[in-house]
Amino acid sequence: MIPTRFRRPLTVAAAVLAVLSLASVGTVMAMAYSGQAAPAPITSAALYGLPLAFILVFVLVIDSIAARRRAGNGGGR
């Protein structure tokens, strides 16, 4: 279980990571279109950033679902 005080910063970190990696993907594509090779750090951010962001969001969603079930807020089902 992720403590409540860490959920918001982790959500913001996942969003920032996703935006930065999307910018990296755009940079890599623009550099490839112009015939240049992208530097390794930009390529690595493009390659590994989005999967890490999605994994982090997945963990946060699963933790939120588990916290709601533990609290007994099943929605009447």
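Values for this structure:
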item	result
Residues located in segment 22-77, provided they are open to solvent by 80 Å² or more (accessible area, probe 1.4 Å), over 25 Å from residue 2 (Cα atoms) and assigned to a helix (DSSP H, G or I)	22, 29, 33, 41, 47
Contacts under 8 angstrom Cβ, first residue in segment 14-26 being at pLDDT 95 or above, partner among the small types (Gly, Ala, Ser) and open to solvent by 30 Å² or more (accessible area, probe 1.4 Å), 6 or more apart	20/45; 21/45; 24/45
Of all residues making up segment 1-13, the number that are touching a residue at least 40 places away in the same chain (Cβ under 8 Å) and not in a helix (DSSP H, G or I)	2
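The values are calculated or read from the model by the stated rules, or taken from the named source; none is laboratory data. It should be emphasised that the depicted structure is a prediction, and the values quoted were computed from it without experimental measurement. We place every Cβ from the backbone using ideal geometry, glycine too, and count neighbours over all the protein chains shown. Please note that ligands, DNA and RNA were not included when accessible areas were found on the heavy atoms of the full protein model with its side chains. Shrake-Rupley method; radii C 1.70, N 1.55, O 1.52, S 1.80 Å.
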